[in-house]
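Read-outs: derived from the displayed coordinates by stated rules, not from any lab. Quantities reported herein were computed from a predicted structural model and do not represent experimental measurements. Here the Cβ is made from the backbone with ideal geometry for all residues, glycine too, and neighbour counts use every protein chain on show.
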Amino acid sequence: MTDLSAAHDAAVTDRARLAGSAYDGDRDLAARQSLYRWQTPRYDLPGLVAERLGGVRGRVVDIGCGNGTYIRRLRRDRPDLTVLGLDIAPGILAGVPGPVAVAEATRLPLAAGSVDAALAMHMLYHVPDIPRAVRELARIVTRDGSVIASTNSDRDKPELDDLWQRAAGDVLGVDRGPARISLGARFSLEKAPALLGEQFGRVEVVELPGTIHVPDPEPVVAYMASYRAWADQHDVPFDATVERARERVTDHIERNGTFEITCLAGVLVCRR
């Protein structure tokens, strides 16, 4: 889904929807994260981030920290760093080791030049005003500080898009139904360098291509169902489409052994 409508933007960035439904706990986020356990090559993304912060000393803030994946890794591998987690969703912060706080990426409660590095991992597409959030990232880091962001490509997981449209078509009695919502399209790997480049002179893109071979239908179904907060955006009965997708992917695995998903994500390392 690359045709971004006003309704799509509003749904992806709606603060009440994000804090009260999509990320009121970590069930749905964890379902999306868990799919990568079958990816080849399997990237240690928190480890990659920790490595990129090897020369950083002092204070790191994880903006949109979600369920604390990166915070836990940095606390383990870099106990010398002071790490702060920020997110708009109080519910998902409940299980994250502190200090954490509720905050907006466009209005960070931090002084200018007060952190040595900032993380914005798979979250900037949820910010209504992305350029303003990028300006905030540039404001809070020191002159020689780093910002590390991540997102997915527009070409990420096309097999899941196809599965959804075919399942939706079955439910609606047509060949192919409407596309599922694309959370990352507003800040895709293709768009991100230009958006970040408005404030940072150096933006290094580290692409992370891979293939997921899932031997069981349930992780695929859980991934599809994790978009329930946006069920009203799919123009098709959501639960019925998820169940039809379950039938399709189960049949595919019985015939082929696994369900194959092509992935392309990326990490962007930004400096002035």
- the chain: relative contact order as a whole-number percent, Cα under 8 Å and 6+ apart: 23 percent
- Query: Any idea how far the Cα center of segment 92-111 sits from the one of segment 1-80, in Å?
  - Reply: 13 Å
- Contour minus end-to-end for Asp162 and Arg107, with contour as 0.36 nm per residue of separation and end-to-end as the Cα-Cα distance? 16.0 nm
- Item | Theoretical ellipticity at 222 nm over the chain - DSSP helices of four or more residues, -39500 (n - 2.57) apiece, nearest 500 | -10500 deg cm²/dmol
- Task: For Asp77 paired with Asp154, estimate the spin-label separation in nm (one decimal), with each label point 7 Å from Cα along the Cα-to-Cβ line.
- Result: 3.2 nm
- Task: Would you work out which of Gly55, Leu183, Ser153 lies farthest towards the positive end of the dipole of the chain? Charges go on Cβ: Lys and Arg +1, Asp and Glu -1.
- Result: Gly55
- Task: Run the quick spin-label model on Arg271 and Ser34: label points 7 Å from Cα toward the beta carbon, then report their separation in nm to one decimal.
- Result: 3.9 nm
- Message: Please list, in order along segment 145-152, the HN-Hα scalar couplings obtained from phi with the Karplus expression 6.51 cos²θ - 1.76 cosθ + 1.60 (θ = phi - 60°), rounded to whole Hz, x for Gly and Pro.
- Response: x, 10, 10, 10, 10, 8, 6, 10
- Task: Give the shape of segment 7-102 as rounded, prolate or oblate, defined through the alpha-carbon gyration tensor: a ≥ b ≥ c are the square roots of its eigenvalues, a/c under 1.5 means rounded, and otherwise the shape is prolate if a/b is larger than b/c and oblate if not.
- Result: oblate
- Item | Inter-site label distance for Ala179 and Asp216 at 7 Å from Cα along Cβ, in nm | 3.2 nm
- Centre separation in Å (Cα based) which lies between segment 173-233 and segment 234-272: 10 Å
- Query: What is the pair-distance distribution P(r) of the chain, computed from all Cα-Cα distances in 5 Å bins starting at 0, with each bin given as a whole percent?
  - Reply: 1, 6, 12, 17, 19, 17, 13, 8, 5, 3, 1, 0
- Query: Which percent of Cα-Cα pairs in segment 102-165 sits in each 5 Å bin, short to long?
  - Reply: 4, 16, 22, 21, 13, 7, 8, 5, 3, 1
- Message: How high is the relative contact order of segment 1-153? Use alpha-carbon pairs under 8 Å, at least six apart in sequence, and give a whole percent.
- Response: 23 percent
- Item | Dipole magnitude (debye, nearest 20) for the chain, charges at Cβ of Lys, Arg, Asp, Glu | 1120 debye
